[in-house]
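Below: the structure, in structure tokens.
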Amino acid sequence: MPGLPFRYRMMRPVLKRTAVSLFLLALAGTAFSAPLKTEVAGKVDKMYPWLDGVYKDLHAHPEIAFQEVRTAGRLAAEMRKLGFEVTEKVGRTGLVAILRNGAGPTVLVRTELDDGLFKRFPKPDVAFALHSWPLAYGTVGFEAGPVSSNSDALEIEFKGRGGHGSAPDKAINPIAIAARFIVDVQTVVSREKDPKAFGVVTIGAIRGGTVGNIIPDTVQVRGTIRSYSPDVRSKLLDGVRRVANASAAMADAPAPDVKLIPGGAAIVNDAALVGRTEAIFQDAFGAKNAVRMPAMTASEDFSAYANEGIPSMFFFTGVYAPEVVAEAQRAGGKPLALNHSPFYAPVPEPSIKTAAQAMSLAVLGALARP
């Protein structure tokens with residue numbers, strides 16, 4: 001951790017797969033003198049060749065969740081070199097690195113190689129995480145309150161009675177039932193929840209039948225449900241189940257098997273922590289580049305930390321050239337590729353440097369408070 005005052009300690013699980021900008025906190029070393037932003041920027045510049053090497057190495061050797069054996073090994077070795085106390089194989093491939101500097105706050109920086117953390121390690125006083133986002137590099141985005149969505153999955157099997165397509169009266173067609181459900185479930189979103197409140201039900205997969213002239217016995221439908229508030233989440237889950245059962249009943253079909261699988265909860269940033277950190281970001285990057293932004297509709301399980309009662313802040317750093325972002329904002333401009341798109345291509349150096357500086361300053365600001 002960069003420049004921790006010696007009376008503080010910090011705990012951090014370390015980075016996963018390609019989230020290389022989060023490796024920024026391996027800037028361990030001596031205490032910073034004021035102004036912090038100048039010291040942090042200088043150290044990031046000096047260490048950038050090493051950060052770039054880690055970035056390229058992890059991208060050249062991608063690993064999927066719970067199989068990040070090489071990633072965890074590489075990061076464990078790097079953190080040990082920097083003086084961290086490292087524990088490996090936390091929740092299979094998880095990694096926890098702790099830097100102890102005496103009495104004081106414990107600050108966690110979450111970088112996704114984690115699970116069951118507080119049963120074995122100190123519970124932090126505050127927690128931070130960041131994620132790249134299709135903003136201009138040099139930009140840091142954040143907000144108080146919800147910054148991501150609740151995530152739930154739906155898996156429904158509609159049951160019918162198979163038969164020949166030429167005699168539909170002798171069968172019960174589960175494809176028709178599923179089609180009715182897919183259309184009608186959107187009325188839960190458009191007519192039942194508060195129109196000002198975010199909520200989405202998206203059907204992403206439907207599977208049933210093998211040939212055009214045969215009615216199948218069953219059809220499987222899969223989708224995702226997203227929301228910000230607990231009330232909307234509950235309304236959408238209840239609505240999906242009710243519409244699924246009603247769609248089957250209208251066809252005099254057996255009741256469907258409805259599975260609503262809980263996912264991550266929405267991240268709710270601590271307003272006081274955001275307010276303090278916002279001032280630090282605006283001082284370092286300028287008011288035009290340290291900005292409040294709307295919550296994303298995607299989900300992130302960093303919420304598990306906030307739900308443990310830890311004041312938390314999840315923020316975003318940009319990855320695209322400013323002129324590319326400006327072009328995308330013009331009428332008819334080329335849209336920016338979003339995270340996980342094969343065309344999502346960060347500009348490495350300015351993106352990594354901004355992320356490194358932002359997280360370092362956020363953590364130092366939290367540690368400096370009495």
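The values are calculated or read from the model by the stated rules, or taken from the named source; none is laboratory data. Treat the numbers as computed from the prediction; the structure is a model and nothing was measured. Methodologically, a virtual Cβ is constructed for each residue, glycine included, from the backbone with ideal geometry; neighbour enumeration extends over all protein chains shown. The protein model used for the area step is the full one, side chains on, heavy atoms only, and it has no ligands, DNA or RNA in it. Shrake-Rupley method; radii C 1.70, N 1.55, O 1.52, S 1.80 Å.
Brief remarks on what is shown
- Once all protein chains are placed together, Glu192 keeps about 70 Å² accessible to a 1.4 angstrom probe.
- Placing +1 on the Cβ of every Lys and Arg and -1 on the Cβ of every Asp and Glu, with no other charges, gives the chain a dipole of roughly 440 debye about its Cα centre.
- Only the Cβ atoms of Lys and Arg (+1) and of Asp and Glu (-1) were treated as charged; on that basis the dipole of the stretch 281-342 about its Cα centre amounts to roughly 300 debye.
- Unsatisfied cross-links (Cα-Cα over 18 Å) in the set Lys56/Lys89; Lys56/Lys353; Lys43/Lys353; Lys37/Lys353; Lys89/Lys119; Lys193/Lys235: Lys56/Lys89
- Probe 1.4 Å, all protein chains present, accessible-area order of Arg100, Arg92, Arg120, largest first: Arg92, Arg120, Arg100
- Tilt relative to the chain, helix 69-81 - C-alpha long axis, 0 to 90 degrees, to 10: 20 degrees
- For Lys46, a cut-off of 20 angstrom between C-alpha atoms picks up these aspartates and glutamates, skipping any fewer than 8 places away in its own chain: Asp57, Glu78, Glu349.
- Centroid-to-centroid, using Cα positions, the stretch 304-354 and the stretch 97-161 are 16 Å apart.
- Theoretical gain in end-to-end length, Ser341 to Thr187 [0.36 nm per residue, Cα-Cα removed]: 52.5 nm
- With all protein chains in place and a 1.4 Å probe, the accessible surface of the stretch 81-221 carries 52 percent carbon and sulfur.
- Calculated FRET efficiency for the pair Lys259/Ala279, C-beta based, R₀ 30 Å, to 0.05: 0.05
- Shape category assigned to the stretch 201-256 from the gyration tensor of Cα positions, a/c cut at 1.5: oblate
- The residue among Thr139, Leu108, Phe84 whose Cα reaches farthest toward the positive pole of the charge dipole of the chain, with charges on the beta-carbon of Lys, Arg, Asp and Glu, is Phe84.
- Prolate/oblate/rounded call for the stretch 253-370, Cα gyration tensor, a/c under 1.5 rounded: oblate
- Heavy-atom SASA rank of Met47, Met250 (probe 1.4 Å, accessible area, largest first): Met250, Met47
- Taking Cα atoms only, the orientation of helix 271-285 departs from the longest principal axis of the chain by about 60 degrees.
- With the helix formula -39500 (n - 2.57) applied to DSSP H stretches of n ≥ 4, the chain reaches a computed 222 nm mean residue ellipticity of -10500 deg cm²/dmol.
- C-alpha long axis of helix 36-60 to longest principal axis of the chain, angle in °: 50 degrees
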